[in-house]
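J.: Supplied in structure tokens, the structure appears directly below.
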Amino acid sequence: MSDAPVARTTPVALETRSGLDPWVQADLPAPPAPKGLGWLGVVGPGVIVLGASIGSGEFLLGPAVFVRHGLSLLWVTTVAVLLQTIFNTEVMRYTLATGEPVFTGFMRTRPSSTAWACLYAGLYFLQNGWPAWAGTAAAAIFFLFMRRIAGPSDAAAIYYIGVGTFLACVAVLIVCILGSFLVLAVLFVPAGTWFAAAVGLGGFDAVGGTFNFFPAGMDFFLLGALVAYSGCGGVGNLTLSNWARDKGYGMGERAGYIPAAIGGHKVHLAHSGFIFAHDAEAIRRWRGWWRVVRADQWGVFFAGAILGMALPALLYVTLLPRGSDIQGVGISAALAHGVDARAGALLGGVIAFLGAP
């Protein structure tokens, strides 16, 4: 028998199999304990993604479906947003546990980190480039006020203008648009239509008095598009993990995060994430953080995405006859025209403005 030593291999951590550095052991930070209005300072990722999700689906595609086939098809939005919210919380779970965006989690799997980085960078660029549009718009806004083209010395001004433009777009989409549609719905939508929308979220047709998940003559291509446009969808949901880290959720506080776009202090950002021991104190803290995630997603994103689709639908089905086939660029104009006839040119103009984004 040979006396030669037996070679032993060191176990390789699963998170390093694509070439990235391993996680570092650290304690899970203590979660916040907000009460009352204090919750407004804790939530955040859901607000940003909700702002990015409100757009043509709610004000163009959705109304075209509901006017043509009825409010019972709101069940599609319910299911789509429900599944997205569950997915969102799981995406944020990874960041709570490691402090890394979920994109990094994907890059820790085979075939390689580079392959996944290229894939998701391409997908995200193709789907959602409007923060970059805000940056491009910043140069035009700079010229508008300074009457000259920005140079290298104006980099800071361009950055802050871009940040302001992005945040202004979010504020307009969430506060102004949803708020305005809510006010208009309260003013013009009868109680019976509110009831029809409420039961329509479960697939019940209040007009026919029965569940009607697939109305006669349903265009299933249009139905599929409604699924895609309800809520956020696509790779947009994945950015929640980035916002969760930047908000300092869970181990994001250990990894480092951006506390504020303007006026925040500089924080070192770790290149790799962390892992915590599963003792009793860590589990207690984890439950506290999970409470914050549920409030952010179910209280903000889920509720906001449902309202974002339902409120315009209420107005459209109230002001336009059921069965109308409104398509293309005439969809938002049809609602503006209907409001114009019922309440005057001023409100009609407001609707046209709200439909523009």
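The values are calculated or read from the model by the stated rules, or taken from the named source; none is laboratory data. Owing to the predicted nature of the structure, the values given are computational and were not obtained by experimental measurement. Glycine also receives a Cβ, built like all others from the backbone with ideal geometry; neighbour counts cover every protein chain displayed.
J.: Scan the range 77-111 residue by residue and report those that are aliphatic (A, V, I, L, M) and either crowded, with 23+ Cβ neighbours inside 10 Å or more than 26 Å from Val199 (Cβ to Cβ) (or both).
T.: Val81, Val91, Met92, Leu96, Ala97, Val102, Met107
J.: Within the range 215-227, which residues are in a helix (DSSP H, G or I) and surrounded by 13 or more Cβ atoms within 10 Å (Cβ to Cβ)?
T.: If the condition is that a residue be in a helix (DSSP H, G or I) and surrounded by 13 or more Cβ atoms within 10 Å (Cβ to Cβ), then Leu222, Leu223, Ala225, Leu226, Val227 are the ones that fit.
J.: Quick check on the range 68-76. Is at least one of its residues surrounded by fewer than 22 Cβ atoms within 10 Å (Cβ to Cβ) and not in a helix (DSSP H, G or I)?
T.: yes
J.: Same structure, new question: Go over the candidates Pro31, Pro22 one by one and state the one that is at pLDDT 80 or above, under 30 Å from Leu82 (Cα atoms) and part of a loop (DSSP other than H, G, I, E, B).
T.: Pro31
J.: If I ask for residues that are within 30 Å of Ser272 (Cβ to Cβ), modelled with pLDDT of 85 or more and out of contact with any Phe, Trp or Tyr (no Cβ under 6 Å at 6 or more places or on another chain), which ones from the range 35-62 would you list?
T.: Result: Val42, Val43.
J.: Which members of the range 275-298 meet the condition of being of a type in the set (Gly, Ala, Ser), part of a helix (DSSP H, G or I) and surrounded by fewer than 12 Cβ atoms within 10 Å (Cβ to Cβ)?
T.: Within the range 275-298, Ala280 is the sole residue that qualifies.
Residues are listed down the side, and each one gets a yes or a no for (1) at pLDDT below 85; (2) farther than 25 Å from Gly349 by Cα; (3) surrounded by 13 or more Cβ atoms within 10 Å (Cβ to Cβ); (4) touching a strand residue (DSSP E or B) at 6+ places or on another chain (Cβ under 8 Å):
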site: Ala140; (1), (2), (3), (4): yes, yes, no, no
site: Arg147; (1), (2), (3), (4): yes, yes, no, no
site: Ala155; (1), (2), (3), (4): yes, yes, no, no
site: Trp194; (1), (2), (3), (4): no, no, yes, no
site: Gly203; (1), (2), (3), (4): no, yes, yes, yes
site: Phe213; (1), (2), (3), (4): no, yes, yes, no
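J.: What's the total number of residues in the range 70-103 that are over 19 Å from the mean Cα position of the chain (by Cα) and either under 20 Å from Ser18 (Cα atoms) or free of Cβ contacts under 8 Å to residues at least 60 places away in the same chain (or both)?
T.: Summing the residues that are over 19 Å from the mean Cα position of the chain (by Cα) and either under 20 Å from Ser18 (Cα atoms) or free of Cβ contacts under 8 Å to residues at least 60 places away in the same chain (or both) in the range 70-103 gives 3.
J.: Can Glu253 be described as at pLDDT 80 or above, out of contact with any helix residue (DSSP H, G or I) (no Cβ under 8 Å at 6 or more places or on another chain) and closer than 19 Å to Gly41 by Cβ?
T.: Spelling it out, Glu253 is indeed at pLDDT 80 or above, out of contact with any helix residue (DSSP H, G or I) (no Cβ under 8 Å at 6 or more places or on another chain) and closer than 19 Å to Gly41 by Cβ.
J.: Test Ala261 against the criterion of being modelled with pLDDT under 90 and either buried (at least 21 other Cβ atoms within 10 Å of the Cβ) or under 21 Å from Pro45 (Cα atoms) (or both), and give yes or no.
T.: yes
J.: Which residue, of Ala356, Ala303, is closer than 19 Å to Leu50 by Cα, modelled with pLDDT of 90 or more and hydrophobic (A, V, I, L, M, F, W, C)?
T.: Ala303
J.: Another question about this same structure. Does Thr165 qualify as being buried (at least 17 other Cβ atoms within 10 Å of the Cβ) and either touching a His at 6+ places or on another chain (Cβ under 7 Å) or modelled with pLDDT of 90 or more (or both)?
T.: Here the answer is no, as Thr165 does not meet what is asked.
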